[in-house]
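Here is the structure we will look at, set down as C-alpha cells.
Values quoted throughout were computed directly from the atomic coordinates according to the rules given, and no laboratory measurement underlies them. The structure displayed is predicted, hence computed values, not measured ones. Here the Cβ positions follow ideal geometry from the backbone for every residue, glycine too, while neighbour counts run over all protein chains shown.
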Amino acid sequence: MTVRIYRDKEFELLDDVYDPSEDSYLLVDAALAEVRPGDRVLEIGTGSGIVSLFLMDRAASVVATDISPLACANARRNGVEVVRADLYHGLYGPFDLVIFNPPYLPTVAGDRLGSWLDHAFDGGPTGRKVIARFLEGIGTILPPCGRVLTVFSSLTGIDEVKEMYRSHGFTVETVSTEKVPFETLIVLRCVRRP
Amino acid sequence: MKKSLMEILCCPVCKGDLKLTIKKEEGDEIVDGSLYCAKCNETYPIEDGIPNLLPPGLR
C-alpha cells in the first residue's frame, strides 16, 4: 500500500490499481470546476477513487463504479461509495454529471498484462472500444441536459471521439488539454441535447 | 454501501428492482448481504461493503 498526495488530499493506492497520473489530475481539476452542489454524480472507472474523493463534499451525491475488485476495494478504502459494475450497468440513475476516465489507449494483444490493470488502459485496437460501449446506453442513466466529463489522449483520436459524442446527441466542448511525452491529453465536457 | 444506495441500484441485466438481504450492518452501512433479482432469479453479493453488480458471466 502506497500513499499519494494531490492538492490538499492524501489517498491510498493498492497494488494493481491505476496509479493516478496526468490524466487523473487533469480530470480532477476539470471536475472541481464543473461540479454543482445539487449534482448527482456518477464516476465510472474510479480506480483508486481519486476523482470521487475530491467531489464528495461538493455534490448532492457521489457514487463510483469499477469493474476491478481491487479498484473497488481501493476506492472504498479511500471513503468512496463504490459499486462493482461494468460501466453503469446495475445503476438506475438518473445522474446529472457522469465522470469517465475510460481505458483509451489503442492496444494489440501483446500490450495486455493479464491483470485487472488492463481494464484501466486497454481501449482495444482503436482505443475507442470502451468509449463506444459507454455511449451505447448512456441515455438510460443520463437525462437530457446531463453532462459527461471525460478524459482521453490524442492517441485515441480527438476528432473521432468528439464525433462519437456528437452522433450520440451531445454538444461537445474542450475544457482542458495538456501535452505530455508522446501524446496530448484532453478533457471534454459533453452535454446531452434536450 | 449505504442503505440509501438501494434507490439507484438495479439488476444489470433486466434493469428491474433488487431485493436487499442484510447479513451484517454497521450503522447505516451494509457490510455483508445480497441483492436478488426475482425476474432473472439471480443473486448479487454485497461483500466488505461493496455490492457486486457484474452479470454472472463477467464475475
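Overview of values
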{"quantity": "Karplus (6.51, -1.76, 1.60) ³J(HN,Hα), θ = phi - 60°, over the range B:26-42, in Hz, Gly and Pro reported as x", "calculated": "10, x, 9, 9, 8, 8, 9, x, 8, 10, 10, 9, 5, 5, 8, 6, 10"}
{"quantity": "Cα-based equivalent ellipsoid of chain B: semi-axis lengths in Å, sorted from largest, via gyration tensor", "calculated": "19, 12, 9"}
{"quantity": "Relative contact order (%) - criterion: Cα under 8 Å, at least six apart; region: the range A:2-192", "calculated": "19"}
{"quantity": "Those lysines that a straight Cα-Cα span of less than 22 Å connects to residue A:129, excepting residues fewer than 8 apart in one chain", "calculated": "A:162"}
{"quantity": "Computed over the range A:137-178, Cα set: Rg, Dmax in Å", "calculated": "11.0, 32"}
{"quantity": "Inverse of mean 1/r across different Cα pairs in the range A:1-112, Kirkwood, Å", "calculated": "14.2"}
{"quantity": "The range A:1-75 - share of DSSP beta bridges that are antiparallel (%, nearest 5)", "calculated": "50"}
{"quantity": "DSSP beta bridges in the protein assembly as shown [antiparallel fraction, %, rounded to 5]", "calculated": "70"}
{"quantity": "Reachable lysines from residue B:3, criterion Cα separation under 23 angstrom, eight or more residues apart if same chain", "calculated": "B:15, B:19, B:23, B:24, B:39"}
{"quantity": "Inter-site label distance for residue A:172 and residue B:38 at 7 Å from Cα along Cβ, in nm", "calculated": "4.4"}
{"quantity": "Helix-only [θ]222 nm of chain A, DSSP H runs n ≥ 4, -39500 (n - 2.57) each, per residue, nearest 500", "calculated": "-7000 deg cm²/dmol"}
{"quantity": "Rough spin-label spacing in nm, given labels placed 7 Å along Cα→Cβ, for residue B:31 and residue A:32", "calculated": "3.4"}
{"quantity": "Loop-located trypsin sites (Lys or Arg not before Pro) in the range A:99-129 whose Cβ has at most 13 other Cβ within 10 Å (DSSP)", "calculated": "A:112"}
{"quantity": "Label-point gap, in nm, between residue B:22 and residue A:7 - each point 7 angstrom along Cα→Cβ", "calculated": "3.4"}
{"quantity": "Shielding by partners, peptide A:123-130 (average Cβ within 10 angstrom, other chains)", "calculated": "0"}
{"quantity": "³J(HN,Hα) computed for each position of the range B:11-25 - Karplus, 6.51 cos²θ - 1.76 cosθ + 1.60, integer Hz, glycine/proline x", "calculated": "5, x, 8, 10, 6, x, 5, 10, 9, 8, 10, 9, 9, 8, 9"}
{"quantity": "Scaled radius of gyration (Cα, divided by 2.2 N^0.38 Å) that the range A:2-192 gives", "calculated": "0.94"}
